[in-house]
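Step one of this worksheet: look at the structure below.
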Amino acid sequence: MLRLSTAALLLLFSHASSLYAQELQAVELYTQDELLNLIKANQHLQRVKADDCQLVRDIEARADIMKLPSYQFLFGDMLAYGVCVPRNVERGWDLMLQAAEQGLPEGLEQVGRYYHIGRFVQKDVNKAIIYLREASAVGNLNAKIRFAEILLAGQGSPTDFEQSYRWLHHAITADPAIHAKLNALKQQLAKKMPARVVANAQRPVK
């Protein structure tokens, strides 16, 4: 039987520990741009799980201590769904609100969407409209679409028809399916407004 000396065993253990440490260090914290792209693609939670939950402490620190809105959004979602952390919907919702209040477009859209469908909170279309309108104003495409759908469902104010149409008309997307959806919503909104109002909404944004 092969017997290793104490020194050899320590050397092997040291080498294995070094390899393990290198493995753990292989996952780097996301840059702001990288995280925002993950959020826009709704892949942020999957990425955290794919990274074996190694970055939880760093994510939490950037959410709670540094108050970075993108990390507040990420950690809030992790808490709300129990991804890599014990589920805590109340704390998660508070972080999502903080991200929205700092003006993060994706945070505004998500809070508005959750109020609209009643996820984690009681359904409240009026609150949903407030957040979705703000998210639309800062360029969130999903918010523009949902805001238009709410108006066409007979909720909200008809005074928002023109602005909603304008947001849809000047939206940019490379996805043919989304492009078709934007056009369909525009056509429905156009039926609810005089032709001169529609023409005004189609003018270039200054």
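The values are calculated or read from the model by the stated rules, or taken from the named source; none is laboratory data. Quick caveat: nothing in here was measured; it's all calculated off a predicted structure. In this analysis, Cβ positions are derived from the backbone assuming ideal geometry, glycine residues included, and neighbour counts consider all displayed protein chains. The accessibility values were calculated without ligands, DNA or RNA, using every heavy atom of the protein model including side chains. Shrake-Rupley method; radii C 1.70, N 1.55, O 1.52, S 1.80 Å.
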What is the calculated FRET efficiency for Ala50 to Ala184, with r their C-beta to C-beta distance and R₀ = 45 Å, to the nearest 0.05? 0.80
Measure off 7 Å from each Cα along the Cα-to-Cβ vector at Val138 and Asp58, then give the distance between these two points in nanometres to one decimal. 2.5
Work out, step by step, the length gained on full extension between Val205 and Ile117: first 0.36 nm times the residue separation, then minus their alpha carbon distance; give nm to one decimal. 28.5 nm
Write down the accessible area per residue of the chain in Å², having rolled a 1.4 Å probe over the full set of protein chains. 59
How far apart, in nm, are the 7 Å Cα→Cβ label points at Ile65 and Asp124? 3.3
Order of exposure, largest accessible area first, which applies to Asp77, Asp33 with probe 1.4 Å: Asp33, Asp77
Per residue of region 31-37, in order, report the coupling 6.51 cos²θ - 1.76 cosθ + 1.60 (Karplus, θ = phi - 60°) as ³J(HN,Hα) in whole Hz, putting x for Gly and Pro. 6, 4, 5, 4, 5, 4, 5
Read through the labelled values (i) 11.2; (ii) 14.3; (iii) 16.9 and report the label of the one computed as mean projected area of the Cα convex hull in nm² from the structure. (iii)
C-alpha long axis of helix 69-81 to longest principal axis of the chain, angle in °: 80
Between Thr31 and Gln155, how high is the FRET efficiency from 1/(1 + (r/R0)^6) when r is the Cβ-Cβ distance and R₀ = 41 Å? Nearest 0.05. 0.60
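With the cut-off at 25 Å, tell me which of the pairs Lys67/Lys123; Lys40/Lys186; Lys127/Lys186; Lys67/Lys181; Lys144/Lys192 have Cα atoms farther apart than that.
Lys67/Lys123; Lys67/Lys181
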Ignoring ligands, DNA and RNA, what percent of the 1.4 Å accessible area of region 21-93 is carbon and sulfur? 47
For region 162-202, the accessible surface attributable to carbon and sulfur atoms (probe 1.4 angstrom, ligands and nucleic acids excluded) amounts in percent to 54
